[in-house]
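What follows is one structure encoded as structure tokens, with my remarks underneath.
Derivation of every value follows stated rules applied to the coordinates shown; laboratory data play no part. The model shown is predicted, which means the values in this text are computed figures rather than measured ones. Neighbour counts run over all protein chains shown; Cβ positions are idealised from the backbone, glycine included.
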Amino acid sequence: MALTFGIYPGGILGDETGIVRPVRPDLPDRVTEALDTLQGPAATLSVRAYRPFAATVPPQEPPAPADPLVLLGRGRKLDLVLSFREPSGRLDEWLEFVRETVRTHGPHLASLQICEEPNMDLPVLDGSVPNVLNALVRGVVAAKEEARALGHPVAVGFNAVPTFDPADTFWPELAARADARFLASLDYVGLDFFPDVFRPLPADRLADAVAGVLTAFRRTDLPKAGIPDSVPIRVCENGWPTGAARPERRQAEVLTCVVRTVAALADELHIDGYAFFALRDADSRGEGIFHRFGLLYDDYTPKPAFETYRRLIGELADRRPGRGPDSGSDDR
């Protein structure tokens with residue numbers, strides 16, 4: 001099964017406590033040049049972007065990148081994330097925000113992700129916001145209804161992080177809300193995971209760990225929510241930062257191992273895509289783990305893993321026009 005690849009091209013990102021701002025601005029011309037190189041002969045390369053929503057207070061997070069539309073071309077489309085950051089948990093304005101996004105960006109969208117990591121209770125993520133499960137379920141339905149009404153072939157889904165606690169209630173609670181309309185509107189479920197970043201692993205165990213997480217997500221987590229095997233899964237965020245104790249060659253090795261493991265399991269687990277986080281460092285001299293996730297330094301010069309990702313895309317990506325992750329999503 002050929003994969004659709006993607007990448008987050010911005011410099012801004014979040015850590016456990018707040019926003020990490022880049023020391024150098026995003027330069028659209030340099031970003032576009034890098035995206036063109038990574039894409040090579042592939043039919044598309046998804047450009048991951050984030051738009052936060054909060055009605056009663058200004059969102060703390062800005063859209064990232066600021067203007068992703070300027071990065072499109074050569075068949076590239078947006079993999080757009082709408083994060084639910086409304087502290088009151090109110091949904092009316094949220095649902096209109098979802099619909100308005102489809103109306104405004106529909107022709108440019110490959111996929112629309114509703115909520116950002118709704119099962120992770122951290123201040124910068126949607127799992128910390130009241131009523132997030134209802135925002136997720138109703139947002140997926142609203143987005144798909146709007147896309148169908150306008151004739152836009154947008155894949156609508158949501159993402160989550162791995163669940164290692166057997167007592168975690170997210171998936172059963174989602175099942176209680178996942179009615180027929182939600183399941184009929186759901187085109188994919190994304191997984192954000194960062195093996196060997198927050199829990200170090202021996203190099204010879206990495207592939208098995210990646211396979212174990214992907215298999216548990218498909219065979220254990222999703223069935224708890226009543227999500228069938230016919231709904232594709234995809235890796236929405238995966239990366240490995242460089243640093244003083246994190247050599248650049250190891251970033252390339254981890255990237256190779258993860259992508260090849262994903263590709264090897266694509267048919268068995270119905271995986272349709274992979275996206276790397278991120279294109280460039282926020283701060284190549286920064287000491288924090290979140291400063292150096294990029295394939296490029298903050299001055300846009302490449303690390304070895306940039307060429308690694310280019311080669312993997314060239315080998316494993318679907319080159320057929322019109323065969324992105326949204327293709328055929330209503331024919332399941």
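See the values below:
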read-out: Nearest-ten-degree value, helix 132-150 long axis tilted from longest Cα axis of the chain; value: 90 degrees
read-out: Helix-derived mean residue ellipticity, 222 nm - over the chain, DSSP H n ≥ 4, -39500 (n - 2.57), to 500; value: -10000 deg cm²/dmol
read-out: Residue-wise HN-Hα coupling along the stretch 247-256, computed from phi with Karplus coefficients 6.51, -1.76, 1.60 (Hz; x: Gly, Pro); value: x, 4, 4, 6, 4, 5, 5, 5, 4, 4
read-out: Table column - 3J(HN,Hα) (Hz), the stretch 290-302, Karplus curve with 6.51, -1.76, 1.60, x for Gly and Pro; value: 8, 6, 10, 6, x, 7, 10, 5, 5, 9, 6, 7, x
read-out: Assigned charges on the beta-carbon of Lys, Arg, Asp, Glu; the stretch 39-154 dipole about Cα centre (debye); value: 500 debye
read-out: Proxy reagent accessibility, fewest Cβ within 10 Å first, across K224, K303, K144; value: K224, K303, K144
read-out: Under-5 Å amide H pairs with L279, H placed in peptide plane, nonlocal only; value: Y8, G10, L295
read-out: Ranked list, fewest to most other Cβ atoms within 10 Å of each Cβ, for L150, L112, L71; value: L150, L71, L112
read-out: Positive-pole candidate from V132, Q251, A43, dipole of the chain, charges at beta carbon; value: A43
read-out: Anisotropy class of the stretch 124-248 from Cα gyration tensor, a/c 1.5 cut; value: prolate
read-out: The chain: angle of helix 206-216 to the longest principal axis, Cα-based, in degrees nearest 10; value: 10 degrees
read-out: Pairwise label distance in nanometres, D229 with D29, each label 7 Å out on the Cα-Cβ vector; value: 5.2 nm
read-out: Relative contact order [Cα under 8 Å, 6+ residues apart], the chain, whole percent; value: 23 percent
read-out: The chain, dipole about Cα centre (Lys/Arg Cβ +1, Asp/Glu Cβ -1), debye to the nearest 20; value: 620 debye
read-out: Ellipsoid semi-axes in whole angstrom, largest first, where each is sqrt(5λ) of the Cα gyration tensor of the chain; value: 27, 22, 21
read-out: For R76, residues with placed amide H under 5 Å, excluding near neighbours; value: L45
read-out: Rounded to whole Hz, the Karplus (6.51, -1.76, 1.60) HN-Hα couplings of the stretch 113-119, x for glycine and proline; value: 9, 9, 6, 10, 6, x, 9
read-out: Set of the stretch 120-158 residues, backbone N closer than 14 Å to the point 7 Å along the Cα-Cβ line of D179; value: 134-135, 137-142
read-out: Centre separation in Å (Cα based) which lies between the stretch 162-218 and the stretch 1-31; value: 23 Å
read-out: Likely footprinting exposure, S111, S185, S128, fewest C-beta neighbours within 10 Å first; value: S128, S185, S111
read-out: Amide H contacts under 5 Å for R90, placed H, 5+ residues apart; value: none
read-out: At R0 = 22 Å, FRET efficiency that the Cβ-Cβ distance of L201 and L122 yields, to 0.05; value: 0.50
read-out: Two-site label geometry, T37 and D208: point separation in nm, points 7 Å out along Cα→Cβ; value: 3.7 nm
read-out: Label point distance in nm, E307-D168, each placed 7 Å from Cα along Cα→Cβ; value: 3.8 nm
